[in-house]
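S.K.: Have a look at this one before I ask anything.
The values are calculated or read from the model by the stated rules, or taken from the named source; none is laboratory data. What you see is a predicted model; the values in this text were computed from it and never measured. Every residue, glycine as well, gets a Cβ built from its backbone with ideal geometry; the counts of neighbours run over all protein chains shown.
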Amino acid sequence: MSLAPVQPEALAEPTRKVGSGWLTLYVLANAGLFIPMQVPTTFLMPEQIAQIDPAGKIGSYAWVSMMGAISGIVIAPLAGALCDRTTGRFGRRRPWMIAGSLVCMAALVFTGIQTTVAGVALGTLLLSATFMITGAGLAPVVPDRVPVGQRGVVLGWATVPQAGGMIAGGLLLGLVAGFSAQYVLMAAFPLLIVVFAVTMKDPPLPRDHREPFSLRTFLDGYRISPREHPDFVWAMSSRFIMGLGYGLGTLYMPYFLDDVLHYEQLFPGESTEDGLLIVIGVNCLATISTVVLSGWLSDKLGKRRMLVFLGGITMAVAAIPLALAPTWPMTLVSAVILGLGYGVYLAVDTALVTEVLPTSANRGKDMALANLMASLPYVLVPPIASVVLGDLGGYRSLFLCSAAMSALGAVLVWNVRSVR
């Protein structure tokens, strides 16, 4: 009778709950990732492009956004796969978080000094790459270190920066003037990731447990068998469709306020950026109000699919007022509804994904694929939105498309069978 091989700590399923100190640093690390990821693309880049190319800002912003999203298609799974195979006394995740954060800081400074659309596009490409590299180390930390029964509440707290980072970052931008200074301010945040990486426990992977890597292995990583891992495939499909719906409803909000609501005429003396900050603030507060509670409930009730479904349907409902009555009051109503639904969806869907990962040895790569399903839709959103806005009914049709995608994504989650 042979004994089963001993699994190293780096690959073992976690059983010990994390403490409040670990959770605090992890939440701050997520702030260090999401604030510089979200704030520039929401506040800085649209205005930067509008100043460079005011007549063609929609088309220019579309292809700049696509550049950033396309880079993630290759870099995210590659970085995740290499992170899974990293050996050495510093662990698997720590080197990727530290290296990615430092390069991200340099990329933010570079983007802030660009004066051409091509330069901003290159900066976006570099930024996207650094976020994928950093995320390759940060994303699998939860399935690595947090037991299943605590993941909902941990991810609920951890997604507060994702939910509220834009309003915090937007307010901070008001402290400095000029794109270069504002980008430098954003470049300070990745230091929070470095602090977490230095202090976290990251068990090293023994070399004899490292899976071999090759180009074929990497390409095979994109092909997840629906027969062998149906729940992971359905979770990814739901996440992709939900991301498409969310992107269609939010990516062009700065131009909606300017071109449809004529915000600066509606409120003389205020800028479109002021209106965008109000919308984002209302949305973020609504999201924060539900994100921690929904994560905690998913742990207690053990019903993650139901909460993901309810969050997705609520997000679909949020687009309807903007399609039927595009006014400033309806914009705020939609922002509240979207925030409530997104808060429920955000933490619980990620907790659900961590439960259907195919193997413990490839958590980094598989979490990278999961995150890619949330960012990849932004490759499709700009061309889809350009066609809809130009030829298929304008913003009303765009918001109806957003509602339809969100509803479909919510329905698809019921196909995940191994998670309640």
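The rows are residues; the columns are (1) more than 16 Å from the chain's Cα centre (by Cα); (2) surrounded by 19 or more Cβ atoms within 10 Å (Cβ to Cβ); (3) assigned to a helix (DSSP H, G or I).
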position: Ala319; (1), (2), (3): yes, yes, yes
position: Pro329; (1), (2), (3): yes, no, yes
position: Ala335; (1), (2), (3): yes, yes, yes
position: Gly341; (1), (2), (3): no, yes, yes
position: Thr354; (1), (2), (3): no, yes, yes
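S.K.: So the check is Cβ under 6 Å with 6+ separation or different chains; which pairs have a first residue in region 356-368 that's surrounded by fewer than 20 Cβ atoms within 10 Å (Cβ to Cβ) and a second one that's not in a helix (DSSP H, G or I)?
M.R.: Final answer for the pair search is Pro358/His229; Ser360/Leu11; Ala361/Leu11; Ala361/Glu211.
S.K.: State whether one or more residues within region 100-108 are farther than 24 Å from Leu376 by Cβ, touching a residue at least 60 places away in the same chain (Cβ under 8 Å) and not in a helix (DSSP H, G or I).
M.R.: no
S.K.: Further, regarding this structure: Considering only residues of region 108-130 that are buried (at least 24 other Cβ atoms within 10 Å of the Cβ) and hydrophobic (A, V, I, L, M, F, W, C), which is farthest from Asp84 (Cα to Cα)?
M.R.: The qualifying residue farthest from Asp84 (Cα to Cα) is Val120.
S.K.: Check region 207-223 and report whether any residue there is among the aliphatic types (A, V, I, L, M) and modelled with pLDDT of 90 or more.
M.R.: No, there is no match, as no residue in region 207-223 is among the aliphatic types (A, V, I, L, M) and modelled with pLDDT of 90 or more.
S.K.: Considering only region 131-167, how many residues are surrounded by fewer than 21 Cβ atoms within 10 Å (Cβ to Cβ), farther than 19 Å from Leu340 by Cβ and among the hydrophobic types (A, V, I, L, M, F, W, C)?
M.R.: Residues in region 131-167 being surrounded by fewer than 21 Cβ atoms within 10 Å (Cβ to Cβ), farther than 19 Å from Leu340 by Cβ and among the hydrophobic types (A, V, I, L, M, F, W, C): 1 in total.
S.K.: A further question on this structure: Given the criteria in a helix (DSSP H, G or I) and either free of Cβ contacts under 8 Å to residues at least 24 places away in the same chain or touching a Leu at 6+ places or on another chain (Cβ under 8 Å) (or both), does Val379 qualify?
M.R.: Taking the combined requirement at face value, the residue does not satisfy it.
S.K.: Being part of a helix (DSSP H, G or I) and either among the aliphatic types (A, V, I, L, M) or in contact with a Ser or Thr (Cβ under 8 Å, 6 or more places away or on another chain) (or both) is the filter here, so list the residues in region 180-195 that pass it. Spell out the reasoning first.
M.R.: Start the filter on region 180-195 by keeping residues that are part of a helix (DSSP H, G or I), which leaves 180-186, 191-195.
Within region 180-195, Ala181, Tyr183, Val184, Leu185, Met186, Leu191, Leu192, Ile193, Val194, Val195 meet the criteria.
S.K.: Let me ask something else. Within region 59-95, restricting attention to residues that are of a type in the set (A, V, I, L, M, F, W, C) and in contact with a Leu (Cβ under 7 Å, 6 or more places away or on another chain), which residue is farthest from Ala197 (Cα to Cα)?
M.R.: Met67
S.K.: How many residues does region 261-279 hold that are over 25 Å from the mean Cα position of the chain (by Cα) and part of a helix (DSSP H, G or I)?
M.R.: Selection size over region 261-279: 4.
S.K.: In contact (Cβ under 8 Å) with a residue 24 or more places away in the chain, surrounded by fewer than 20 Cβ atoms within 10 Å (Cβ to Cβ) and among the charged types (D, E, K, R) - does that describe any residue in region 197-206?
M.R.: Among the residues of region 197-206, at least one is in contact (Cβ under 8 Å) with a residue 24 or more places away in the chain, surrounded by fewer than 20 Cβ atoms within 10 Å (Cβ to Cβ) and among the charged types (D, E, K, R), which makes the answer yes.
S.K.: Restricting to region 207-220, and then to whatever is touching a residue at least 40 places away in the same chain (Cβ under 8 Å) and part of a helix (DSSP H, G or I), can you tell me which residue is surrounded by the fewest Cβ atoms within 10 Å (Cβ to Cβ)?
M.R.: Arg207
S.K.: Across region 378-420, what is the number of residues that are surrounded by fewer than 20 Cβ atoms within 10 Å (Cβ to Cβ), within 19 Å of Met242 (Cα to Cα) and of a type in the set (S, T, N, Q)?
M.R.: 2
S.K.: Oh, and also: Among Tyr255, Tyr263, which is the only one that is surrounded by 18 or more Cβ atoms within 10 Å (Cβ to Cβ), in contact with a Lys or Arg (Cβ under 8 Å, 6 or more places away or on another chain) and of a type outside the set (Val, Ile, Thr)? Before you say what the answer is, go through the steps one by one.
M.R.: Details: Tyr263 fails: in contact with a Lys or Arg (Cβ under 8 Å, 6 or more places away or on another chain).
Within the list Tyr255, Tyr263, the selection yields Tyr255.
S.K.: In the list Trp157, Trp234, which residue meets the criterion of being touching a Leu at 6+ places or on another chain (Cβ under 8 Å), at pLDDT 90 or above, more than 30 Å from Pro8 (Cβ to Cβ) and of a type outside the set (Gly, Ala, Ser)?
M.R.: Exactly one of Trp157, Trp234 is touching a Leu at 6+ places or on another chain (Cβ under 8 Å), at pLDDT 90 or above, more than 30 Å from Pro8 (Cβ to Cβ) and of a type outside the set (Gly, Ala, Ser), namely Trp234.
S.K.: On to the next question. Taking region 82-100 as the region of interest, how many residues are crowded, with 19+ Cβ neighbours inside 10 Å and modelled with pLDDT under 90?
M.R.: Number satisfying all stated conditions: 0.
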